[in-house]
Amino acid sequence: MPSPRHIAVTAALLLLGLAGGFAAQLLGLPLPFLLGSLLAAAPVAIFAQARLPESYGFPPGLRVPFIGLIGAVIGAQVTPALVRSLHDLLPSLAAILVFVIAAQGLNYLIFRRLGGYDRATAFFSGAPGGLIESIALGESHGADEKRLVTQQFLRIILVITLVPLGLSLWLGYPVGSAGGLSFTAAPVTPLMYPLALVIIAAGAVLGRALHLPAWQLTGALALSAGVSLAGLPLALPDPLIFAAQVVVGVSLGMRFAGLSLPMLGKGIWLSLVSVTAMTLLGAGLALALLMVMDQPFDVLLITFAPGGVNEMALIALSIGANPAFVTLHHVFRIIVTVFVLGFAAKRMDRAARSN
């Protein structure tokens, strides 16, 4: 049970994140409530960690209902037309497989050759997905825990920061609520609130029980999709979506706690190289898919952006892309990455036993 002081600190951080979101909105930043809250919380984690209560960490359980909320909104975008088009996604799903294998190899070279990391740290730091799995497997196979955690979180943070900025430059206007976009496509009715609560709660139980990737999101997404296909519409007001962005942004910003500036600086420039390499790889695959798929380049590019499923779904919502299409590809990316990591871990175990 969190202490009153821990609760007060969490509330203060969320207020700080909300203020950062409004400031980012005034500055015209993309996804302002996500990026603004992240940028507001990160300096606290880096420079003021000693002033926080002992053993304080942003409560992970607080994220779950808000991520479930995002999942419910995404699932509501699943329509019979999207389901009928699944057979048309085989080229893009095959491209995701190519992306994961190529990105893993590129990142290993970057962290091993440029970063000077040992083999285990370089390999698991370079995983283009499966954050929890890559950290757990890396730690059990001798990877440097601090560097591994730093690189994996920086991957997500840089992607969700740079991709919206790049899209804003590409499109010529800020994406997300900074551009005046509403996340709500259908009218909100009073009955939708209890329906959303049931979907979020049951989705969390289902996702965890089935060990779904990104279970906080995908459980609610699956239930919401079923409700949508059954003909029950679901829509939620924009302020709730913005609140979810603030919670996710603050929790990501607080991941920087305990990092030294030299380690953070090295991690940032290595992540910039890694994210740039993966973005170029994804852009190349997106261009190739333009010849066989009826999707715009920016949507295809998002499907290859190696950020968190939740954050990529928000970016998809912000540019008017079908978030269910984007989320499906990111869940597949995580599944493939976890399979590759598991296969490599078994090879490492066999090699260790033979030595």
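The values are calculated or read from the model by the stated rules, or taken from the named source; none is laboratory data. Since this is a predicted model, take the numbers as computed values, not measurements. For neighbour counting, all protein chains shown are included, and Cβ atoms are generated from backbone atoms with ideal geometry for every residue, glycine included.
For the stretch 78-89, the criterion of being basic (Lys, Arg) and within 27 Å of Lys266 (Cα to Cα) is met by no residue. Report yes if some residue within the stretch 87-94 is over 27 Å from Leu314 (Cβ atoms) and out of contact with any strand residue (DSSP E or B) (no Cβ under 6 Å at 6 or more places or on another chain); otherwise report no. So far as the stretch 87-94 goes, yes, one or more of its residues are over 27 Å from Leu314 (Cβ atoms) and out of contact with any strand residue (DSSP E or B) (no Cβ under 6 Å at 6 or more places or on another chain). Would it be correct to say that Ile96 is within 24 Å of Thr337 (Cβ to Cβ), touching a Lys or Arg at 6+ places or on another chain (Cβ under 6 Å) and either of a type in the set (D, E, K, R) or surrounded by 19 or more Cβ atoms within 10 Å (Cβ to Cβ) (or both)? Yes, satisfied. Scanning the stretch 60-89 for residues that are surrounded by 15 or more Cβ atoms within 10 Å (Cβ to Cβ) and not aliphatic (A, V, I, L, M) returns Arg63, Pro65, Phe66, Gly68, Gly71, Gly75, Gln77. In the stretch 84-101, the residues that are within 18 Å of Gly307 (Cβ to Cβ) reach residues that are exposed (fewer than 14 other Cβ atoms within 10 Å of the Cβ) and at pLDDT 90 or above with C-beta atoms within less than 9 angstrom, at least six apart or across chains, in these pairs: Ser92/Val292. Consider Ile46 carefully, then state whether it is in a helix (DSSP H, G or I) and within 30 Å of Ala324 (Cβ to Cβ). No.
Looking at Ala230, Ala209, just one residue is under 23 Å from Pro60 (Cα atoms), small (Gly, Ala, Ser) and without any contact (Cβ under 8 Å) to a residue 24 or more places away in the chain, and that residue is Ala209.
For the stretch 49-158, the helices (runs of 4 or more DSSP H) that sit wholly inside it and include 1 or more residues that are within 23 Å of Ala283 (Cα to Cα) are 90-109, 119-125, 131-140. In the stretch 156-179, of all residues being of a type in the set (Gly, Ala, Ser) and more than 13 Å from Gly307 (Cβ to Cβ), the one that is modelled with the highest pLDDT corresponds to Ser168.
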